[in-house]
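Read through the structure below, which is laid out as structure tokens, and then see the notes.
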Amino acid sequence: MKPENLQTKIFLDSGDPAETKEMLDTLGFLDGQTTNPTLVSKHPEAKQKLDAGETFSTDEIYGFYKEIVQEISELIPEGSVSVEVYADHSTTTADMIAQARSMYEWIPNAHIKFPTTKAGLTAASQFYREGGRVNMTLCFSQEQAAAVHAAMEGATKGDIFVSPFIGRLDDRGENGMDLIYNCIKMLQTEHQRVEVLTASVRSLEHIKAAVAAGSDILTAPIELLREWADEEMPVPDSAEYEYDAQGLESIVYKDVNLQQDWREFDLSHELTDRGIEKFSEDWNRLVG
């Protein structure tokens, strides 16, 4: 069962409802699940189709994605299920909003994922104003997270997530956990409206560090949540736990003005661009 002293919400990062069922059995709880095009492409049925040299039509792939998230939603009706819009570098704000409106109708507990780009945040802020819940994904900088906060004025805590990707920063020699620390410090305002969702988790130490840091949410693949369960779901004391960055370069905290217009923040980041390319490639591989 969920440890009594655990404040961080635990999400599964997966596009397979079978894994949702396993984690519910293993952990005894699950607070939500994050999905994306790459995870959908790894679903056993999708892999089988691709291995046979077959693809989906556009209608079929959206129908397939819808069935997946509906099954997940039924398994965790009190949790959040993140559903990602298709976005490549040419996808317009209008295209993203149209997808978001459709996807939001799939299930009652959806957060719609938009890339943390100018087009993505423009779409997300409009979608939020229409009453939608949002998860800004592929965040790699404190400025991107600040822009999300600034764009979502008036939001209620729980409606807006920002997902800093720590593993991909680690991959290039930067301490991804520093971005989590910096975002938490910046966004835990008196009237917090954006929750920090630690994503791209690569190790058990990432899980422990995110929990110790007080991340609102973390999402991890099933292998790591199994490992966490095998260790009896440790919840490190924030005052005693010290994360070993293993020589990774520190990411320095920046003092930013959260009251300025979100368009004044620098939203560019090469890892965001690469992430968009990867997700769109994986999605396009599925569609004939």
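Since every read-out is calculated from the coordinates, none of them should be taken as a lab result. Computed from a predicted structure; not experimentally measured. In this analysis, Cβ positions are derived from the backbone assuming ideal geometry, glycine residues included, and neighbour counts consider all displayed protein chains.
For this structure, a couple of remarks:
- For Thr198, residues with placed amide H under 5 Å, excluding near neighbours: Ile217, Leu218, Thr219
- Placed amide H near Phe56: partners under 5 Å, 5+ positions off or other chain: Val287, Gly288
- Alpha-carbon centroid distance for the pair region 261-280 / region 1-22, whole angstrom: 28 Å
- Positive dipole terminus of the chain, leading residue within His269, Ile207, Pro17 (C-beta point charges): His269
- Residue-span extension gain [Glu153 to Ser268] - 0.36 nm each, minus C-alpha spacing: 39.3 nm
- Potential lengthening of the chain between Gln70 and Lys42 amounts to 8.3 nm, from the contour at 0.36 nm per residue minus the alpha-carbon distance.
- Here Ser102, Ser41 are placed in order of increasing Cβ neighbour count within 10 Å, fewest first, which gives Ser102, Ser41.
- Placed amide H near Cys139: partners under 5 Å, 5+ positions off or other chain: Ser163, Phe165
- Each residue in Lys9, Lys2 was given a count of other beta-carbon atoms within 10 angstrom of its own, and listing them fewest first yields Lys2, Lys9.
- Candidate values [x] 80, 46, 32; [y] 64, 52, 38; [z] 51, 46, 34, label of the one derived for Cα extents along the principal axes in Å: [z]
- Placing dummy labels 7 Å off each Cα toward the beta-carbon, the span from Thr58 to Ser102 is 0.8 nm.
- Relative contact order of region 9-286, taken over Cα pairs closer than 8 Å and 6 or more residues apart, is 22 percent.
- Region 28-79 and region 165-190: distance between their alpha carbon centers, rounded to Å: 28 Å
- Antiparallel DSSP beta bridges within the chain, as percent of all bridges there, nearest 5: 0 percent
- Straight-distance candidates among the lysines for linking to Lys49, with alpha-carbon spacing under 22 Å and chain neighbours fewer than 8 residues away dropped: Lys66, Lys278.
- Here the sum of -39500 (n - 2.57) over DSSP H runs of 4 or more residues, divided by the residues of the chain, equals -13500 deg cm²/dmol at 222 nm, to the nearest 500.
- Candidate cross-link partners of Lys254 among the aspartates and glutamates, defined by an alpha-carbon separation under 20 Å and a same-chain spacing of 8 or more, comprise Glu143, Asp170, Glu174, Asp178, Glu190, Glu195, Glu264, Asp266, Glu270.
- Using Cβ point charges alone (K and R +1, D and E -1), the dipole size of the chain about the Cα centre works out to roughly 700 debye.
- Once the Cα-Cα distance is subtracted from the 0.36 nm per residue extended length, the Glu223 to Asp88 segment shows a gain of 45.7 nm.
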